[in-house]
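To keep things clear, I will list the structure first and then write my remarks on it.
The values are calculated or read from the model by the stated rules, or taken from the named source; none is laboratory data. In this text the structure is predicted, and so the values were computed from the model without any measurement. Cβ placement follows ideal geometry from the backbone for every residue including glycine, while neighbour counts extend to all protein chains displayed.
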Amino acid sequence: MTDEPVVIHVVHAATGPGFNVYACPPCATHYPPPADPFGLFPPRTTPQTDTTHEAPARPTHHPHER
């Protein structure tokens, strides 16, 4: 137990509330930093697009108009 808890990790849950993981200040330095969930996947690339993921241009007229 500690009077000065430090948040060392935030757990997110898709099916319910998440929670925080705490440690005392001396022990908190021994925990690695949390992983970036977006860094776990390689960048998305396709033959038709680059990695900027820009939205396609909007048409200037309705597709059914002549």
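Brief remarks follow.
- Residue among Pro42, Pro32 that alone is modelled with pLDDT of 85 or more, surrounded by fewer than 10 Cβ atoms within 10 Å (Cβ to Cβ) and in a loop (DSSP other than H, G, I, E, B): Pro32
- Tabulated pairs, segment 26-50, first within 16 Å of His12 (Cα to Cα), second surrounded by 10 or more Cβ atoms within 10 Å (Cβ to Cβ) and at pLDDT 85 or above, C-beta under 6 angstrom, 6+ apart or interchain: Pro34/His9
- Selection within segment 4-17 - part of a loop (DSSP other than H, G, I, E, B) and surrounded by 10 or more Cβ atoms within 10 Å (Cβ to Cβ): Pro5
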